[in-house]
Amino acid sequence: MTDSLATWLYAVTAAPEDGAPPQGLTGVADEPVRLVEKAGLAAVVGSVPLEEFDEDALRGHLEDLEWLERTARAHHRVINGAARQGQVIPLRFATLYHDDDRVRAMLQERREDFTATLRRVAGRTEWGVKAYVDPRSFLPDPGEPAGSEDSPGTAYLLRRRAQRQDQETAHLRATERAEEIHASLAALAVATAAHPPQDTALAAYEGWMVLNNSYLVPDGLTEEFTALVTTLGERYPAITLEVSGPWPPYSFTGPPKAEGQARPEEAAP
C-alpha cells in the first residue's frame, strides 16, 4: 500500500484454503478485489485512491445521489459475488482502513466475534418481506350522519375528529394484520430484524408500508418460506406482500439484537 491508497472493506469470510480471492470482481473504484488474511479469517477488500475516498471527498460524494447509488451498488455487488463462494459477513458501506496491516490487526482483534457470527449465519440466508396497504381498505364503515341541529362549525369539527379516528382505526387494523403475517413468517426463521418503513419518494409506493422486515431462514426452508409469503398474500388480499432475496445476512451480522444494516435495495436511491 502507498500513502495515496486506502483499503476499502466489503466483507469478512473464513480464509479459503487456496487463498484465492473472488474471481472477476471489481469494486467501488473499479479496482480488483483481493483478500487480506489473518487469524483464519479473510477480509474482502480493494485499494481505492485517497483523493476520491478520504473523509473530505466522501463527505462531498455522499451528497451526490448519482455517485452514491452507483458506488453503493458496486459495494453490494462485491458482497454478493463473494457470498456465492462462501458465507460472508457484509460490512457497512464506506468502511475504510489506512492500510492492510490495520485490517489484519482488526481481524485479529475481532476474531472471536467474526467467527461466532459466521457460525450463526452458516447455512442460512436473509430474505426481506414488505407489506403495503391502501388505507381505504381498512377504514371503518361510515357512521350515521351528523345531526342537523349542529352548527356548521361544530359539524366541521366533528367530521375532522371522525376522520382522524377513522385513520387511526385503519392503521391499527392494518398493523394487526401485518403482525399476524410477521408471526407466521417468523416461525420459519431463526432470527428476524425489523426495519423502518422506506421513504415513499425513494421506494415509489402509495399508501402505508406496514411491514419491512428481514428473516434469517435456514436454506432447507427456502421454498417453504417463499411459498408461505404467497399463501399469506392470498389470505390477506387487502395487503400487498413483496419478498426479496436471497441476500447475504446484512441484518444479522452484528451483536444479537443490534440494529440491522440496510439491504442493498435500501442502501441507495
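What follows is calculated from the coordinates using simple rules that are stated; it is not laboratory data. This structure is a prediction, so every number in the text was calculated from the model and none was measured. FYI the Cβ positions are ideal-geometry reconstructions off the backbone, even for glycines, and counts take in every protein chain you see.
Observations on the structure shown:
- Using a simple spin-label model with pseudo-atoms 7 Å out from Cα toward Cβ, Arg84 and Arg70 lie 2.3 nm apart.
- Surface/4 of the Cα convex hull for the stretch 1-128, nm²: 8.2
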